[in-house]
Amino acid sequence: AVASTVTPTGMVAAGKHGIGVLSVASYTEAGIAAAKTQWAFCERSAGEAGRPAPDRSTWRLVVPFHLAATREEAMTDIEAGVHRWYNEYLIHTLGASQLPPMESGRALAEGMNAFGGAIIGTPDEAILAIKKLQQITSGFGCLLGLAHEWTTREKIEHSYELMARYVMPEFQGTIESTRSSLEWTLANKQSLMAGRDAALAKAIAKHAAPTPTDGAG
């Protein structure tokens, strides 16, 4: 796979050589904006190189996430850590001088959530956020979580567990049979219960209660 940020260069290389793409700047506003049109560069480059149309399943988006039982808990967990990551790492260490320093980690996290550059909240909110990314990009193959240390190891591991148990199955098709069974049962519950009640009544009628005896011998 080839890394891609905001410019078309990575997508052009991926299409030309028939390899996958890692969109490593998906957590920035510029990266999200570029994601709307990036795949077209890959398709055009593949065509110019005489290659088959690229498969969107090879496109991976990199997005940070942190999940908890409630949105408020998730925000409280990471607001200090995301603040330091943004100001001390992205701006100070990496030298992203075009980014304005943020005074509030909570405001930063809320802003990233709003434009799709992060997923901070509950598993249900994560499902909605990923579906929004699918709409923005018109389809991609894999979501890669940006590793971070925004909170404690225990809370990070719990976030991973929530993602694995409640979010990933939604997109991997592993709960489709269970959901289909539920929907079929809901649609047919009246006839199923009517059949059950009829069977119970028939069994009771067939096996009538025995006549009690007076014990005389």
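The values are calculated or read from the model by the stated rules, or taken from the named source; none is laboratory data. It should be emphasised that the depicted structure is a prediction, and the values quoted were computed from it without experimental measurement. Every residue, glycine as well, gets a Cβ built from its backbone with ideal geometry; the counts of neighbours run over all protein chains shown. Areas reflect the complete protein model, heavy atoms only, side chains present, ligands, DNA and RNA absent. Shrake-Rupley method; radii C 1.70, N 1.55, O 1.52, S 1.80 Å.
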Item to check | Members of the range 152-204 found to be farther than 23 Å from Gly121 by Cβ and of a type in the set (Asp, Glu), listed by number | outcome: Glu176, Glu183, Asp197
Next on the checklist: Give me the residue from the range 159-179 that is over 14 Å from Cys142 (Cβ atoms) and touching a Leu at 6+ places or on another chain (Cβ under 7 Å) and, out of that set, least open to solvent (accessible area, probe 1.4 Å).
Outcome noted: Ser159
Next on the checklist: I'd like to know if the range 33-45 contains one or more residues that are among the hydrophobic types (A, V, I, L, M, F, W, C), in contact with a Phe, Trp or Tyr (Cβ under 6 Å, 6 or more places away or on another chain) and closer than 24 Å to Lys132 by Cα.
Outcome noted: no
Checklist outcome for this item: Condition set touching a Pro at 6+ places or on another chain (Cβ under 6 Å) and closer than 13 Å to Gly10 by Cβ, scope the range 35-51, selection most open to solvent (accessible area, probe 1.4 Å): answer is Phe41
Checklist outcome for this item: Flagged in the range 103-130 as among the aliphatic types (A, V, I, L, M) and surrounded by fewer than 15 Cβ atoms within 10 Å (Cβ to Cβ), in numbering order, are Ala107, Ala114, Leu128
Item to check | the range 62-87 residues that are touching a residue at least 12 places away in the same chain (Cβ under 8 Å) and over 11 Å from Ser159 (Cα atoms), paired with ones that are in a loop (DSSP other than H, G, I, E, B) and open to solvent by 60 Å² or more (accessible area, probe 1.4 Å) (beta carbon under 7 Å, 6 or more apart) | outcome: Gly81/Glu149; Asn87/Pro101
Next on the checklist: Quick check on this structure: which one of Ala208, Ala203 is open to solvent by less than 60 Å² (accessible area, probe 1.4 Å) and either over 26 Å from Tyr89 (Cβ atoms) or modelled with pLDDT of 90 or more (or both)?
Outcome noted: Ala203
